[in-house]
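The values are calculated or read from the model by the stated rules, or taken from the named source; none is laboratory data. These figures come from a predicted structure and were not determined experimentally. Quick reminder, even Gly has a Cβ in these numbers, built from the backbone with ideal geometry, and neighbours come from all protein chains shown. Areas reflect the complete protein model, heavy atoms only, side chains present, ligands, DNA and RNA absent. Shrake-Rupley method; radii C 1.70, N 1.55, O 1.52, S 1.80 Å.
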Amino acid sequence: MDKKVKVRFAPSPTGDLHVGNIRTALFDWAYARHTGGTFLFRIEDTDTTRVTDEYIQAAIDTLKWLGLTWDEGPEVGGDNGPYLQSQRLDIYATWAQKFLDQKDAYYCYCTPVELEARREAQRAANVAPGYDGACRDLTQEQISDYKAQGRDAVVRMRMPDGSTTFVDQIRGEVSFDHKFVPDFVLVRGDGSPLYTLAVAVDDILMKVTHILRGEDLLSSTPRQIRVYQAMGIKLEDYPLFAHLPFVMGQDNTKLSKRNGEVSIAWYREQGYLPEAICNYLALLGWSPGEDRENVTMKELCELFTVEKVHSSPARFDMKKLEAINGDKIRALTLDDFLAWSLPFLEKAGVITGTQPEIDLVRSALPIIQERIVRLSEIPQMLKFLFVENFEVDADCISKITDDASKAVLKRALKELEALSQWNHDSIEGALRSSLIEELGLKPRVAFGSVRIATTGSTISPPLFESMELLGKEASLARITAALAL
Ligand code: GLU
Ligand code: ZN
């Protein structure tokens, strides 16, 4: 029987997680859930100059917010911890020493200046640049000499002649000629481990079975496999690799801030639902089949397989993400929609969170649920219901102060005052029969003035429902005030 699947998401939090990272996390998570396996979360923070505690915490929070819960990792623990690489330095040091003892690795005393000079020469001679093996077989004398000069030594892995071939679960057989994989550094001069050492040691010790990650890491695979060999791992115990296709921006260039690769924190502030982000990112390189674009998290877990991941690059499309977000917002129950909305309204200062305010928001939400694509639109849409000193938006005043608009508002006021029932049907009936049928106005002209007068702007939820929610007294007072402008 196949062994139980264990996948890992192993970011280096040198900034906020972005679209590419999260797509990787999502695929790992979905594959673990699909197979009933384990999803492990590991923080690769050995580069202490770039990783900060804030970014680590942000990465943890982001995964939680997206609902990508992990079975082993920070906060939840597990049998293979610690899960922060900064807490595992002694483990990497022990393995590096073992590799030195086995002569798989050696000390290299070359200085950065020397290395650069040789690389320059390689370029000039048109040979592949990379470490030339100068320190592979140093004599005791040479070593003593270098030490006497006070040089720092890095630990380098010896790459044997030949090639590394493995079957990538997405792109098939991949082969790397070692001519292009020079001896590589495992440990820096200051004793800190490099990514290749730490990642490979951890994937083995943490018993990872599948490594699903971005294609940008494909070329580091032969080096990781070399570390497995040096660790004495049997071929059948190597993790399987699956490199996910690149995500391109809309303009077919690599994803960047300009075309969408912004941090997930930004999407959160803009009012994208985690479910929408996951649904959209799931489509970047994978598809549930039958041209479907809408998948729930549950369906994703049921349907996700590595075989269905494409090897060609995926393209990020903000419009599609927006459309999916709109769909997910419309699918929310009123209670859930309310819960998502309140923080946006509070943050914008539209409400303070009292019960009467919450009740009013609850009655207003159904009329905007069909119209928004981001939760951040809600404050602008609903603020007319809550402002204490109502004023028409400055750029809209001139649209209702001409004679024609005044005539419309005057007539509307008269009709609305006479209403004994105040609901959207009665309001619509009164305004239609007077303004459209009797005065023969176009709806846009007639209702536009009333909209500005009562909601303060040209952008609002449906007019008659808005006026119903606002109430008769406030609606009439606002139209009266508008007439005095
Ligand atoms: N820590 C690496 C990174 O964020 C990824 C590790 C891996 O998936 O192999 O780039
Ligand atoms: Zn050297």
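Overview of results
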item: The stretch 418-462 - residue that is without any contact (Cβ under 8 Å) to a residue 24 or more places away in the chain and under 44 Å from the mean Cα position of the chain (by Cα) and, of those, nearest to L485 (Cα to Cα); result: R451
item: Residue list for the stretch 74-103, restricted to those being outside any helix (DSSP H, G or I) and within 16 Å of ligand 2 (Cβ to nearest atom); result: K103
item: Qualifying positions in the stretch 184-226 - more than 10 Å from ligand 1 (Cβ to nearest atom) and of a type in the set (S, T, N, Q); result: S192, T209, S219
item: The listed residue being part of a helix (DSSP H, G or I), more than 16 Å from ligand 2 (Cβ to nearest atom) and not β-branched (V, I, T), out of K3, K64; result: K64
item: Test: I233 is open to solvent by 10 Å² or more (accessible area, probe 1.4 Å) and touching a helix residue (DSSP H, G or I) at 6+ places or on another chain (Cβ under 8 Å); result: yes
item: Residues satisfying the stated conditions in the stretch 111-129, i.e. within 12 Å of ligand 2 (Cβ to nearest atom), under 40 Å from the mean Cα position of the chain (by Cα) and of a type outside the set (A, V, I, L, M, F, W, C); result: T111, P112
item: Among the candidates R136, R156, residue that is touching an Asp or Glu at 6+ places or on another chain (Cβ under 9 Å), in a loop (DSSP other than H, G, I, E, B) and either under 30 Å from H210 (Cβ atoms) or within 16 Å of ligand 2 (Cβ to nearest atom) (or both); result: R136
item: Residue list for the stretch 166-223, filter: of a type in the set (S, T, Y) and free of Cβ contacts under 8 Å to residues at least 24 places away in the same chain; result: S175
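A quick yes/no check of all residues on (1) more than 16 Å from ligand 2 (Cβ to nearest atom); (2) within 25 Å of the chain's Cα centre (by Cα); (3) among the basic types (K, R):
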| position | (1), (2), (3) |
| --- | --- |
| D183 | no, no, no |
| V187 | no, no, no |
| G191 | yes, no, no |
| L205 | yes, no, no |
| L218 | yes, yes, no |
| L244 | yes, yes, no |
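Yes or no, residue by residue, for (1) within 13 Å of ligand 1 (Cβ to nearest atom); (2) part of a helix (DSSP H, G or I); (3) within 30 Å of S256 (Cβ to Cβ); (4) in contact with a His (Cβ under 7 Å, 6 or more places away or on another chain):
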position	(1), (2), (3), (4)
P11	yes, no, yes, no
A25	yes, yes, yes, no
H34	no, yes, no, no
L40	yes, no, yes, no
T46	yes, no, yes, no
Q57	no, yes, yes, no
L68	no, no, yes, no
